[in-house]
Amino acid sequence: MVSDNLKRGTLELLLLAQLKHRDMYAYEMAMEIVRRSEGKYPVITVVVYPILQRLEKKGLVTSRELITKENRKTNIYHLEQAGSDYLEEQRKALSFINDLLIDFLVK
């Protein structure tokens, strides 16, 4: 199981990473994280919305409102170039930290 502290620091990146491939709904992103982690990284959708709003304020993602078949309003999210750049910066930083941890933990 992933600790809450570690989860808080990674969920933002997992959401951005999902949007690299296509635009998605918040619920869809949450379920995909759960699916790909085989349930070891549970995500509650209500936690995802404030993170997406924060990412939108930073200009990393945008959203557009859609009307569903059931006549309900929903948002679909899109990764902006700034979000893609940020994600790549964070990937490099995490790769460095991962290598450093492995080096310290193994030796």
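Things worth noting here:
- Hits in the range 39-51 - residues which are surrounded by 13 or more Cβ atoms within 10 Å (Cβ to Cβ) and over 15 Å from residue 10 (Cβ atoms): 45, 49
- Breaking point among (1) modelled with pLDDT under 95; (2) closer than 18 Å to residue 19 by Cα, for residue 83: (1)
- The range 74-107, subset part of a helix (DSSP H, G or I) and basic (Lys, Arg), residue surrounded by the most Cβ atoms within 10 Å (Cβ to Cβ): 91
- For the range 52-107, residues that are among the hydrophobic types (A, V, I, L, M, F, W, C), within 13 Å of the chain's Cα centre (by Cα) and over 17 Å from residue 9 (Cβ atoms) total 2.
- Pairing residues of the range 39-61 that are of a type in the set (Lys, Arg) with residues that are assigned to a loop (DSSP other than H, G, I, E, B) and at pLDDT below 95, at Cβ distances under 8 Å and at least 6 apart in sequence or on separate chains, gives 40/1; 40/2.
The values are calculated or read from the model by the stated rules, or taken from the named source; none is laboratory data. The structure presented is a predicted model; accordingly, all values stated were derived computationally and were not measured. Methodologically, a virtual Cβ is constructed for each residue, glycine included, from the backbone with ideal geometry; neighbour enumeration extends over all protein chains shown.
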